[in-house]
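Written out below as structure tokens is the structure these notes cover.
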Amino acid sequence: MTDLSSAALSARLEMVAPPKAPSAFSNALVFGWRAILKFKHVPEQLFDLVMTPIMFTLLFTFVFGGALAGSTSAYLQFFLPGILVQTVVFNAVYSGMGLSTDLGKGLFDRFRSLPIWSLAPFAGLMVGDVLRHLIAGAIILTIGLTLGYRPEAGIPGVIAAFALLLAVGFGMGWIFIVLGLLIRTPTTVMTAGFTFLFPLVFASNIMVEPQTMPGWLRAFVDVNPVSLMTSAIRGLMAGQASLNDVLMALLAPALLTLLLAPVTLWLYRRSDR
Amino acid sequence: MNDAVHMTNLQSRDERTLPAVSARGLVKRFGELRAVDGIDLDVPRGMIFAILGPNGAGKTTLMRMLATLLTPDDGSASVMGHDVIAAPHDVRASIAMTGQFASLDEDLTGRENLLLLARLWGFRGRSAKDRADNLLAAFELSDAAGRQVKTYSGGMRRRLDIAASLIVTPGVLFLDEPTTGLDPNARQSVWRMIRALADSGVTILLTTQYLDEADQLAARIAVIDKGRKIAEGTSRELKAATGSGFLHVALADPARLAEAEAILACHLTGTIQRSPEGAQLSVMAGSTDAASQAIAALIAARIELADFSMGSPSLEEVFFALTGGSGRLGKREKGD
């Protein structure tokens, strides 16, 4: 290691006064930039993110598709919008893991000891989430199109569906931000997240229509927010969604945001970790 | 206990005479545990001040309260004239904190870490880049600037961590155990850095469990144990308060330690302290006569001495005497 002479250091250290205080928005943008840098330096995270949905798409379409829907192409047409919802919902776990990692390393102590907007780091997480959702969604849609999936509503339908996907991802994201704030170990956040998400995703209409399920399960599937989201996304891409479908899909994300954003702020400010 | 003494050394201008950090009766509870149990503290400006204590003494909790990361349960504190409870944002604008664990993003490069913080402080474009590059140069990290922090050595991380605290020159720099886990070279380098910062006028409040660190760096030391301040002063004052005339004996044969301890206890009244390595005993001797008699008794019992000396107590012995032996300070490994 080089020997740092204190005289040389003293000479180079100037007294620096703070510049004009930046706006909350500018703080949030800086954290968004950090999220983008993470993609540059840790591209592996995208691999984790995209591999599962790709495997699901191929497995369900080619192995189960024919049996479930008569033909693989008919099943793909049904399944693809659903796998987009599943991807976004599972993706949300990663920002909770990232948050837990940052908190464990003391990085947030530095952020919290800075004179910045206290929610700015979370805005950065959201930017990272949006990017993850868009990238993973685009990859899966491309694979779907290659395999023969055709959105009846064309490009406007796809854009509307993606906008709804982002809203869904934003709402679900709060659950994992709260978990990330509560749980110190990132892998525990992941385990807790998936334990909670698996029944929610599988007991939904993502993979199959619920007609053949027993009554009690159907009752759950019909009110499962994931089913409502899937129906709306499916409808938007097929050009058959009603305003009511979209509003029902937005209900859970809106409630989660209203409920958990203040909880997040409280947990973060409580600062008695 | 020595507030009046150091105040006179400072310039008389009002803002210079206000302490950089002032705390009264600070309390922090975690459930049943009173991690900080009523601490008063006055840190004059431009000084290196050490909070010394064993693991779990409450040092980090105290520092986190002063840095607005924890809310005190009782008492009050101000940093650079701003109240930590009423005006935390103003406190944050005048401090920087380097935590016990590197507060860096390991996935980003060194330069990106500094850029991130410079932009959060409000530097834009060119000026943010200049700020990052100047600090990288000052801390001799320019060569590693483009590498991810996860590839850095412990010493490099610590340097970057401290550089990250200097984006804007802080009024008070909090350093929580700045050299824990560093090798001797890196530790020397961090010490030099801390002295250079103090020379440039930054007030530094550091915690440490190493007596040599407090002894080497700090102008004043507060000794903390079980959430309470048990002593405060310069290293010399602390040693003087414990009393001079410490007799140190080193045995050639460690197996006879218990025997030697018994003989010393017959001749001298002070608590006998055994060094952690085992072969040394230290005890307060009221006079050189008493010490000589004790040595003579050891020789008469044919206990061979590798070495003996009379001197002022080490800070470790001071700490031992102050805590009545309850606390054990961190001991660096051999050759460290």
- Message: Of the conditions (1) in contact with a helix residue (DSSP H, G or I) (Cβ under 8 Å, 6 or more places away or on another chain); (2) buried (at least 24 other Cβ atoms within 10 Å of the Cβ); (3) more than 9 Å from chain A (Cβ to nearest Cβ), B:Lys129 satisfies every one except a single condition; which number is it?
- Response: (2)
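State all residues of region A:149-159 that are open to solvent by less than 50 Å² (accessible area, probe 1.4 Å) and of a type outside the set (Val, Ile, Thr); if no residue qualifies, say none.
Keep residues of region A:149-159 that are open to solvent by less than 50 Å² (accessible area, probe 1.4 Å), which gives A:149, A:151, A:153-154, A:157-158.
Passing the criteria: A:Tyr149, A:Pro151, A:Ala153, A:Gly154, A:Gly157.
Can you give me the ranges of the helices (runs of 4 or more DSSP H) entirely in region A:182-273 with at least 1 residues that are without any contact (Cβ under 8 Å) to a residue 12 or more places away in the chain, of a type outside the set (Lys, Arg) and open to solvent by 30 Å² or more (accessible area, probe 1.4 Å)? Give the steps one after another, and end with the answer.
Details: elements: A:186-202, A:215-223, A:225-238, A:243-270.
Here the list reads A:186-202, A:215-223, A:243-270.
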- Query: Filtering region B:147-160 down to residues that are surrounded by fewer than 18 Cβ atoms within 10 Å (Cβ to Cβ) and outside any loop (DSSP other than H, G, I, E, B), which residue is farthest from the other protein chains (Cβ to nearest Cβ)?
  - Reply: B:Thr151
- Task: From B:Ala306, B:Ala296, grab the single residue that is among the hydrophobic types (A, V, I, L, M, F, W, C) and either assigned to a helix (DSSP H, G or I) or touching a helix residue (DSSP H, G or I) at 6+ places or on another chain (Cβ under 7 Å) (or both).
- Result: B:Ala296
- Output the residues belonging to region B:176-201 that are touching a strand residue (DSSP E or B) at 6+ places or on another chain (Cβ under 8 Å) and within 11 Å of chain A (Cβ to nearest Cβ). B:Asp176, B:Ile194, B:Arg195, B:Leu197, B:Ala198
- Task: Kindly establish whether A:Leu68 is within 24 Å of A:Leu145 (Cβ to Cβ), more than 14 Å from chain B (Cβ to nearest Cβ) and surrounded by 12 or more Cβ atoms within 10 Å (Cβ to Cβ).
- Result: yes
- Out of all the residues in region A:47-65, which are under 19 Å from the mean Cα position of the chain (by Cα) and open to solvent by 40 Å² or more (accessible area, probe 1.4 Å)? A:Phe47, A:Asp48, A:Met51, A:Thr52, A:Met55
- Item | Complete set of residues in region B:132-146 that are at the interface with chain A (Cβ under 9 Å from one of its Cβ atoms), buried (at least 23 other Cβ atoms within 10 Å of the Cβ) and either without any contact (Cβ under 8 Å) to a residue 24 or more places away in the chain or of a type outside the set (Phe, Trp, Tyr) (or both) | B:Leu135
- Message: Checking the structure you have, find out if any residue of region A:52-62 is within 14 Å of another protein chain (Cβ to nearest Cβ) and either modelled with pLDDT under 85 or under 30 Å from B:Val172 (Cα atoms) (or both).
- Response: no
- Scan region A:31-46 and report the pairs whose first residue is free of Cβ contacts under 8 Å to residues at least 24 places away in the same chain and whose second residue is surrounded by 15 or more Cβ atoms within 10 Å (Cβ to Cβ), with Cβ atoms within less than 7 Å and a gap of 6+ or a chain change. A:Leu37/B:Leu108; A:Leu37/B:Glu112; A:His41/B:Asp107; A:His41/B:Leu108; A:His41/B:Gln148; A:Val42/B:Asp107
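How many of the residues making up region B:161-175 are at the interface with another protein chain (Cβ under 9 Å from one of its Cβ atoms) and under 18 Å from B:Gly46 (Cα atoms)? Let's see the steps before the verdict.
Taking region B:161-175 and keeping what is at the interface with another protein chain (Cβ under 9 Å from one of its Cβ atoms), we get B:161, B:164-169, B:174.
The next check asks that each one be under 18 Å from B:Gly46 (Cα atoms); those that pass are B:165-166, B:168-169, B:174.
Result for region B:161-175: 5.
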- Message: Please verify whether A:Phe162 is over 14 Å from A:Val93 (Cβ atoms), of a type in the set (Phe, Trp, Tyr) and surrounded by 18 or more Cβ atoms within 10 Å (Cβ to Cβ), treating the condition exactly as stated.
- Response: yes
- Task: Quickly run through region B:64-95 and pick out the residues that are open to solvent by less than 40 Å² (accessible area, probe 1.4 Å) and either facing another protein chain (nearest Cβ under 7 Å) or assigned to a loop (DSSP other than H, G, I, E, B) (or both).
- Result: B:Ala67, B:Thr68, B:Leu69, B:Leu70, B:Pro72, B:Val84, B:Ala87, B:Ser94, B:Ile95
- Message: Anything in region B:199-242 that is crowded, with 21+ Cβ neighbours inside 10 Å, among the hydrophobic types (A, V, I, L, M, F, W, C) and either assigned to a helix (DSSP H, G or I) or not assigned by TED's automatic domain parsing to the domain that holds B:Ala67 (or both)? List them, or say none.
- Response: B:Leu211, B:Ala214, B:Leu217, B:Leu238
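Would you confirm whether any residue within region B:37-44 is in a loop (DSSP other than H, G, I, E, B), modelled with pLDDT of 90 or more, farther than 19 Å from B:Gln100 by Cβ and open to solvent by less than 80 Å² (accessible area, probe 1.4 Å)?
Initially, region B:37-44 is screened for residues in a loop (DSSP other than H, G, I, E, B), giving B:44.
Restricting the remaining residues to those that are modelled with pLDDT of 90 or more gives B:44.
Cutting the leftovers down to farther than 19 Å from B:Gln100 by Cβ gives us B:44.
If we keep only those that are open to solvent by less than 80 Å² (accessible area, probe 1.4 Å) as well, we get B:44.
So far as region B:37-44 goes, yes, one or more of its residues are in a loop (DSSP other than H, G, I, E, B), modelled with pLDDT of 90 or more, farther than 19 Å from B:Gln100 by Cβ and open to solvent by less than 80 Å² (accessible area, probe 1.4 Å).
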- Query: Mind checking which residues of region A:102-125 are within 7 Å of chain B (Cβ to nearest Cβ) and in a helix (DSSP H, G or I)?
  - Reply: A:Leu107, A:Asp109, A:Arg110, A:Arg112
- Query: Taking region B:99-126 as the search range and keeping residues that are without any contact (Cβ under 8 Å) to a residue 40 or more places away in the chain and more than 7 Å from every other protein chain (Cβ to nearest Cβ), which one is surrounded by the most Cβ atoms within 10 Å (Cβ to Cβ)?
  - Reply: B:Leu115
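The values are calculated or read from the model by the stated rules, or taken from the named source; none is laboratory data. Keep in mind the model is a prediction, meaning the values are calculated, not measured. Heads up, the Cβs are rebuilt from the backbone with ideal geometry, glycines too, and the neighbour counts pull from every protein chain shown. Surface areas here come from the heavy atoms of the whole protein model, side chains and all, with no ligands, DNA or RNA. Shrake-Rupley method; radii C 1.70, N 1.55, O 1.52, S 1.80 Å.
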